[in-house]
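Step one of this worksheet: look at the structure below.
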Amino acid sequence: MIRHCKVGLAVLLSLSDLPAEEIPGIDPARQARLEAGEHVILEKRPDETDQIDHRFVTVAAIVAGPRKTIWEVINDKENAATFLEGVLESKVIEREGNRILVEQLTHVGGPRGSYRYRLWHELTPMTKADFTHAGGELRNVLGTWWIYDGPAADRCVVVYSLHIDPGLLAPQVVVKAGMRKTMPKTIQSIAKEVAKRK
């Protein structure tokens, strides 16, 4: 079953000319929803085939802007607190080529409200950014950003997949329900910042 939420942003554009095979998990029905201006919650991550990791919530949307600008915004950890809702503090504390260690303080709900944690980000420039938990007040955080070509040079499909485990006091069913509401807002914030930088 596909859950989706309506978004009235001009940055979410048509997928009508985009071949479905270029974006795993986005079939014609999902394309139609994206074309209608919706963020779509996918059943699985683009890198999953037969086995689905049910820990993740995965969201797709079209963002208007050059791939380079979208990539820069997604990976602008030093300024993330200025444009991402829920990010209170964010800084890069270590760099090793395409690997960065980021410390963030975010409001993620749950019994404590805000949590400080560190994430290793493995960057595949202009295409993919994986992140894994490296310590802090959350028990686990894992995720990936993907950027796919859209129907024109200045339109990309952005896929965001995330797992958060705050600990025993926050059941996963509750956490994932919250993520289905907040993750589309994260992509919307990315899109707004891309529009400012174009």
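Here, each number is a calculation from the coordinates, and none is a lab measurement. All values reported here derive from a predicted model rather than from experimental measurement. Positions of Cβ are backbone-derived with ideal geometry, glycine not excepted, and every protein chain shown enters the neighbour counts.
Overview of values
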quantity: Relative counts (whole %) of C-alpha pair distances in region 78-186, using bins that are 10 Å wide; calculated: 13, 44, 33, 9, 1
quantity: Listed residues GLN51, GLN188, GLN31, most fluctuating in the chain (Gaussian network, C-alpha, under 10 Å); calculated: GLN51
quantity: Fewest-first sequence of PHE56, PHE83 by Cβ atoms within 10 Å of each Cβ; calculated: PHE83, PHE56
quantity: Phi to ³J(HN,Hα) by Karplus 6.51 cos²θ - 1.76 cosθ + 1.60 over region 49-59, Hz, x for Gly, Pro; calculated: 10, 7, 9, 9, 8, 6, 5, 8, 10, 10, 10
quantity: Highest-fluctuation residue, SER161, SER114, SER90 considered, GNM on the chain with Cα pairs under 10 Å; calculated: SER114
quantity: 3J(HN,Hα) from dihedral phi, region 124-133, Karplus parametrisation 6.51/-1.76/1.60, rounded to Hz, x for glycine, proline; calculated: 10, x, 6, 10, 7, 9, 9, 9, 9, 5
quantity: Within straight-line cross-link reach of LYS198, aspartates and glutamates at Cα separation under 20 Å, skipping those fewer than 8 residues along the same chain; calculated: GLU72, ASP76, GLU78, ASP149, ASP154
quantity: Equivalent ellipsoid semi-axes - Cα gyration tensor, region 43-92, angstrom; calculated: 26, 16, 10
quantity: Nearest-0.05 FRET efficiency for ARG116 and LYS192, computed from C-beta distance (R0 22 Å); calculated: 0.30
quantity: 18 Å Cα-Cα threshold exceeded, pairs from LYS77/LYS192; LYS77/LYS128; LYS44/LYS176; LYS68/LYS128; LYS77/LYS181; LYS77/LYS176; calculated: LYS77/LYS181; LYS77/LYS176
